[in-house]
Amino acid sequence: MQIIAAALFASQSGRAAQSKPIGKQALPDVNLKGWNVTAVEVSYGPGEESNPHQHPSFVLGYVLEGEIRFQLRGEPERTLQTGEMFYEAPGSVHQVSGNASKTKPARLLALLFAEPGVPLTKPA
């Protein structure tokens, strides 16, 4: 897999870009025909957090900067570092989502996969 990725990202100088897997997640058994993916950057100031919420479909997230407090209902809370990813199954309640730092900002990229017309987020 890395060889293929490196070949795809080879530069004009003939040197290949470096690639490494950062996560792997089994996905729900859904037909994605006609679905959309929406990329959302979420920025948290020091100590900020989101209210509990859920997504009707599935979400893949990646921490771009800082440390993110993360908890899905029924699971233990954990702190994700820059470069780590997370997964939310359809209908999961995102109980805790916020900046773990009281002094530094944090950002994450969320990829929300959903059928057209379905709200991407709703209160839990």
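Got a number for residues in segment 30-50 being over 15 Å from G98 (Cβ atoms) and acidic (D, E)?
We begin by selecting, within segment 30-50, every residue over 15 Å from G98 (Cβ atoms); these are 30-41.
This time we only want the ones that are acidic (D, E), so: 41.
Qualifying residue count, segment 30-50: 1.
Out of all the residues in segment 77-124, which are more than 24 Å from P56 (Cβ to Cβ) and surrounded by fewer than 16 Cβ atoms within 10 Å (Cβ to Cβ)?
Selection gives T79, Q81, T82, G83, K102, T103, K104, P105.
Quick one: would you say G74 is closer than 19 Å to K24 by Cβ, loosely packed, with under 13 Cβ neighbours inside 10 Å and either at pLDDT below 95 or not hydroxyl-bearing (S, T, Y) (or both)?
Judged against the criteria, G74 is not a match.
Under 13 Å from L112 (Cα atoms) and either out of contact with any Phe, Trp or Tyr (no Cβ under 8 Å at 6 or more places or on another chain) or without any contact (Cβ under 8 Å) to a residue 12 or more places away in the chain (or both), is that true of E41? Break it down stepwise before answering.
Values: under 13 Å from L112 (Cα atoms): yes; either out of contact with any Phe, Trp or Tyr (no Cβ under 8 Å at 6 or more places or on another chain) or without any contact (Cβ under 8 Å) to a residue 12 or more places away in the chain (or both): yes.
For E41, the condition - under 13 Å from L112 (Cα atoms) and either out of contact with any Phe, Trp or Tyr (no Cβ under 8 Å at 6 or more places or on another chain) or without any contact (Cβ under 8 Å) to a residue 12 or more places away in the chain (or both) - is met.
Go through L64, L72, L32 for me and flag whichever is under 12 Å from the mean Cα position of the chain (by Cα) and not aromatic (F, W, Y).
L64
Looking at (1) over 14 Å from the mean Cα position of the chain (by Cα); (2) modelled with pLDDT under 90; (3) small (G, A, S), which one does S50 not meet, given that it meets all the others?
(2)
The values are calculated or read from the model by the stated rules, or taken from the named source; none is laboratory data. Here the structure is a predicted model, which means the values were calculated and not measured. Because the Cβ atoms are built from the backbone with ideal geometry, glycine has one as well, and the counts that use them run over all protein chains shown.
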